[in-house]
1. Run residue 38 past the list (1) surrounded by fewer than 21 Cβ atoms within 10 Å (Cβ to Cβ); (2) within 23 Å of residue 399 (Cα to Cα) and report the number of the one that doesn't hold.
2. List the number of the failed condition for residue 58; all other conditions in (1) closer than 18 Å to residue 146 by Cβ; (2) outside any loop (DSSP other than H, G, I, E, B); (3) free of Cβ contacts under 8 Å to residues at least 40 places away in the same chain hold.
3. Look at residue 357 and say whether it is outside the structural domain of residue 249 (by TED's automatic domain parsing), out of contact with any Pro (no Cβ under 9 Å at 6 or more places or on another chain) and farther than 25 Å from residue 109 by Cα.
4. Among the residues of the stretch 257-284, which ones are out of contact with any strand residue (DSSP E or B) (no Cβ under 9 Å at 6 or more places or on another chain) and surrounded by fewer than 22 Cβ atoms within 10 Å (Cβ to Cβ)?
5. For the stretch 121-168, name all the residues that are over 23 Å from residue 235 (Cβ atoms), under 14 Å from the mean Cα position of the chain (by Cα) and not in a loop (DSSP other than H, G, I, E, B).
6. Give the residues of the stretch 6-34 that are surrounded by 21 or more Cβ atoms within 10 Å (Cβ to Cβ) and either out of contact with any Gly (no Cβ under 9 Å at 6 or more places or on another chain) or in a loop (DSSP other than H, G, I, E, B) (or both), sorted by residue number.
7. Being of a type in the set (Lys, Arg) and part of a loop (DSSP other than H, G, I, E, B) is the filter; apply it to the stretch 380-410 and report the residue that is nearest to residue 5 (Cα to Cα).
Amino acid sequence: MTSLARVKEAVVVTPSEPTPSCVLSLSAVDSQLFLRFTIEYLLVYSTRPNTNQSATATHVKEALAKALVPYYPLAGRVRPKPDGSSLEVVCRAQGAVFIEAVSDRAVSEFQNAPRYVTQWRKLLSLQVADVLKGAPPLVVQLTWLKDGAAALGVGFNHCICDGIGSAEFLNTFADLAAGKHGLGEFRHKPVWDRHLMDPQPKSIITPRHQNHPEFNSVPDLCGFMNRFDNERLSPTSVIFNKRYITELKSLALSMSRLGSESNFTSFEVLSGHVWRSWARALNLPSNQILKLLFSVNVRQRVKPSLPDGYYGNAFVLGCAQSSAKDLAEKGLGYAAGLVKRAKERVGEEYVRGVVESVSGESMAIPDAVGVLIVSQWSRLGLDRVDFGMGRPVHVGPICSDRYCLFLPVDDDDDDDGGQGESVKVMVAVPTSAVDKYELLVNSPYS
C-alpha cells in the first residue's frame with residue numbers, strides 16, 4: 001500500500017468576522033512541558049452518492065472561518081511568556097491552515113491498524129515540529145479517497161485545548177459545515193477563563209502534601225527507554241464488544257478483593273487487561289516498576305466546577321503502579337483495582353497539588369520509564385462529527401505510537417445489536433512482542 005496524498009490547495013483561513021486583538025494567558029496546566037505537541041485526529045467518512053467534492057470543500061473551508069470567530073485563539077499563535085513562567089496566545093487573527101488533497105487509498109483500508117506507525121502521515125501533510133515557533137495551532141486537511149470517500153485530518157496545539165475541548169470545537173465546526181446551526185445557536189459557548197487552572201493564592205487553599213507517583217522516577221532495570229527508542233514499533237488494534245467487556249468485568253470482580261457491592265467500569269477493566277497484556281508481552285524483569293498513566297477529566301472534580309464550554313486542558317494524570325511480577329501474577333482484578341483506586345484519588349486537593357507541581361520553576365513532568373499511557377478517545381464525541389457526509393466510519397490517530405488509544409467503533413454490524421458499547425484499542429508495541437501481546441489481549445483467562 002502506498003502513502004501518496006497529493007495536495008491540491010493549502011491556504012490560511014482567518015476568522016470570518018472581526019475578533020479581539022489581544023494576548024491571552026494559558027494556564028499552568030496548559031503550559032506543561034509534556035503537552036507541547038499536536039493532537040492529531042483522523043476521521044474517515046464513507047462514500048456518499050452525488051457528493052460534490054468542490055462544494056463540500058468550500059463548505060468546510062467557510063465553516064472553519066466561521067468557527068474561528070468564537071474560537072479565535074485557535075487562529076492565534078502560541079509563545080512563551082517573556083518571563084518564561086508559562087505560555088500565552090497572541091491573538092491577531094493570524095489564521096488556521098486548510099488543506100485539500102487527493103489520495104489513492106480507499107475507505108476499506110482503514111478498518112484495521114496501519115502496517116507501520118507513520119503510514120497515514122500524509123493525511124495531515126503539515127506536521128508541526130515545534131508548537132512554540134509561530135506555527136498555526138490548528139491544521140485541517142480534507143483528503144478525497146479514490147472511491148469517493150473522504151478523510152479529515154485535524155491537528156490541534158495541545159497547549160490550547162484538551163481532548164474534550166477539541167472535540168467540542170470539531171462538532172461546532174462540523175455542524176456549521178453541514179448547515180445544522182448558525183453561530184449563535186450553540187448550547188455551550190466557548191469559555192477561556194484559564195486562570196481557573198492556575199495555582200491559587202495560599203490564603204484560599206493550601207493543599208496537603210500528596211504523593212504524585214506520575215512525577216516520580218523509577219529505575220530502568222531493563223533498558224526500557226532504549227527498547228522503545230531503538231526497536232521498530234508495530235501498530236495493533238483489537239475491538240472489544242459489549243459481550244467481551246461484560247466478561248472482563250465479571251472476571252475482574254471474581255479475582256478482586258473489592259466487596260460485592262463494588263463494580264468495575266468498562267475503562268477500569270479494559271485498562272487493566274491491556275496493561276497486563278502489554279507488560280507480559282514485553283518480558284520485563286519481575287522487579288521492574290511499571291506505571292499506567294491515564295487522563296482524568298477534572299471539570300467536575302474542582303470547586304467550583306469549571307464552566308460549560310471550558311475548552312482548555314482540564315485533566316490530570318491518574319497513575320496506577322505495580323511491579324511487573326505482581327501485575328502478571330495477581331490477575332485482572334488486581335490490575336483493574338489499581339486503576340480504580342488511582343481514579344478515586346483524584347479530588348480537589350489532588351488536582352491543586354498537580355497544578356502546584358507543574359507551575360513555576362519546578363515544572364514537574366511525568367517519568368517515562370516503564371510507562372504505558374492510555375487516552376480514552378471513545379467518549380469524546382468524535383464519532384458524532386458530521387460535516388454533512390454522515391458520521392465517521394473510522395476514528396483514530398494520524399500516527400500510531402506508544403500511546404494506547406481507546407477509540408469509538410461504528411457498531412452498525414455489532415453482534416450485540418449496535419448498542420454503541422464496542423471499543424477499539426490501538427497501541428504500537430515493539431515488533432518482537434506483537435504476537436505475544438495480541439495472543440494475551442485476546443485471551444482474558446490466560
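The values are calculated or read from the model by the stated rules, or taken from the named source; none is laboratory data. None of the values given here were measured: they were computed from a predicted structure. As a convention, Cβ positions derive from the backbone with ideal geometry for all residues, glycine included, and neighbour counts pool all protein chains shown.
1. Among (1) surrounded by fewer than 21 Cβ atoms within 10 Å (Cβ to Cβ); (2) within 23 Å of residue 399 (Cα to Cα), the lone unmet condition for residue 38 is (1).
2. Residue 58 satisfies all of (1) closer than 18 Å to residue 146 by Cβ; (2) outside any loop (DSSP other than H, G, I, E, B); (3) free of Cβ contacts under 8 Å to residues at least 40 places away in the same chain except (1).
3. Details: outside the structural domain of residue 249 (by TED's automatic domain parsing): no; out of contact with any Pro (no Cβ under 9 Å at 6 or more places or on another chain): yes; farther than 25 Å from residue 109 by Cα: yes.
It is false that residue 357 is outside the structural domain of residue 249 (by TED's automatic domain parsing), out of contact with any Pro (no Cβ under 9 Å at 6 or more places or on another chain) and farther than 25 Å from residue 109 by Cα.
4. 257, 258, 259, 260, 261, 262, 263, 265, 280, 283
5. 157, 164, 165, 168 - these are the residues of the stretch 121-168 that are over 23 Å from residue 235 (Cβ atoms), under 14 Å from the mean Cα position of the chain (by Cα) and not in a loop (DSSP other than H, G, I, E, B).
6. Taking the stretch 6-34 first, the residues surrounded by 21 or more Cβ atoms within 10 Å (Cβ to Cβ) are 13, 15, 26-32.
Of everything in the stretch 6-34, those that are surrounded by 21 or more Cβ atoms within 10 Å (Cβ to Cβ) and either out of contact with any Gly (no Cβ under 9 Å at 6 or more places or on another chain) or in a loop (DSSP other than H, G, I, E, B) (or both) turn out to be 15, 26, 27, 28, 29, 30, 31, 32.
7. Out of the qualifying residues, it is 391.
To keep it simple, each residue is scored yes or no on (1) assigned by TED's automatic domain parsing to the domain that holds residue 360; (2) touching a residue at least 12 places away in the same chain (Cβ under 8 Å); (3) in contact with a Ser or Thr (Cβ under 7 Å, 6 or more places away or on another chain); (4) within 23 Å of residue 311 (Cα to Cα).
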residue	(1), (2), (3), (4)
26	no, yes, yes, yes
33	no, yes, no, yes
39	no, yes, yes, yes
44	no, yes, no, no
109	no, yes, no, no
